[in-house]
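Structure record follows, encoded as structure tokens.
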There are 2 protein chains.
Amino acid sequence: MDGYGQYFKALRESKGATLREVERQTDVSNAYLSQLESGKVKQPSPNTLYRLAKFYQVSYEMLMEKVGYPVSKSNALPKDQSISSAAKNKLGEISNEEEVELLQYLKFIRNRKS
Amino acid sequence: MDGYGQYFKALRESKGATLREVERQTDVSNAYLSQLESGKVKQPSPNTLYRLAKFYQVSYEMLMEKVGYPVSKSNALPKDQSISSAAKNKLGEISNEEEVELLQYLKFIRNRKS
DNA sequence: TAGCTTTGCTTGATATCGCAAGCAATAGAT
DNA sequence: ATCTATTGCTTGCGATATCAAGCAAAGCTA
């Protein structure tokens, strides 16, 4: 039903921040953040996305694209590219052990579908 | 008080188009276009701006900026991150949904010890 | 146990987007 | 002069973004 709600939640929790912590740093209310993460928001404004992008240290354009806004240039870019960079940002500090587990889990995910 | 309203009107008139002509080509209602040109709209959505940009043959980003949305002129993120190229290669093609699951699983891994 | 604090969440309110429908003025055609 | 189509515009409305306030559960602390 919702797509990027889970993503924002994962972003926040991977940073170990609370809703109110994000609120303090971004001036986006914890009420709205909660709705955002539970899929009750359709398209947060670019202004909001920009604040979150800076706090979570991910690409603003990537967030724009993720919530469905047109992003002129990256129309030509494959979608996996921006996702890859997002993953790179979030997974950039993983240890070798964690990497192995993630890769195994990725296999598990993919086998689960077919 | 109205900044870009005049601009949109100038764009349309320079093309010799009527409100309803623009409506036909962009699926933006003539009612809304009228409000837009008379400064009664604060921030038209990126979706709307994109349609108008294409019709008027101007830059989408320029319109975004004109209306007051943040436009990251320079990428806030470095291109190359200190991630193992192995993981980068293997994770480079993960999908949207897979990324979410991986981030959640990574959080699970890290909390498993405590 | 009782009392603060934190955390995620819900709810009511406000503001804006964007449109369908309609209106007054103008232009053209007969 | 009358009819018809076009044009710009206003208005009322549903949908959505965003927040302030508050609430219940859980965690600390005394």
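The values are calculated or read from the model by the stated rules, or taken from the named source; none is laboratory data. Only a predicted model underlies this, so the values are computations on that prediction, with no experimental measurement involved. Heads up, the Cβs are rebuilt from the backbone with ideal geometry, glycines too, and the neighbour counts pull from every protein chain shown. These accessible areas exclude ligands, DNA and RNA; they are computed on the full protein's heavy atoms, side chains included. Shrake-Rupley method; radii C 1.70, N 1.55, O 1.52, S 1.80 Å.
Points worth noting:
- Residue check, residue B:72 modelled with pLDDT under 95 and within 16 Å of DNA strand D (Cβ to nearest atom): no
- Residues being polar (S, T, N, Q) and either in a helix (DSSP H, G or I) or within 8 Å of DNA strand D (Cβ to nearest atom) (or both) - total across segment A:36-65: 4
- Yes/no for residue B:36 being in contact with a Pro (Cβ under 7 Å, 6 or more places away or on another chain) and hydrophobic (A, V, I, L, M, F, W, C): yes
- The lone criterion from (1) modelled with pLDDT of 95 or more; (2) crowded, with 16+ Cβ neighbours inside 10 Å; (3) out of contact with any Phe, Trp or Tyr (no Cβ under 6 Å at 6 or more places or on another chain) left unmet by residue B:53 is number (3).
- Whichever residue in segment B:7-28 is within 29 Å of residue A:60 (Cα to Cα) and within 13 Å of DNA strand D (Cβ to nearest atom) and, among such residues, is farthest from the chain's Cα centre (by Cα): B:11
- Residue within segment A:93-104 that is modelled with pLDDT of 95 or more, among the acidic types (Asp, Glu), over 16 Å from residue A:3 (Cβ atoms) and part of a helix (DSSP H, G or I) present: no
- Consider segment B:5-35 and keep the residues that are outside any helix (DSSP H, G or I) and open to solvent by less than 30 Å² (accessible area, probe 1.4 Å). The one that is farthest from DNA strand C (Cβ to nearest atom) is B:17.
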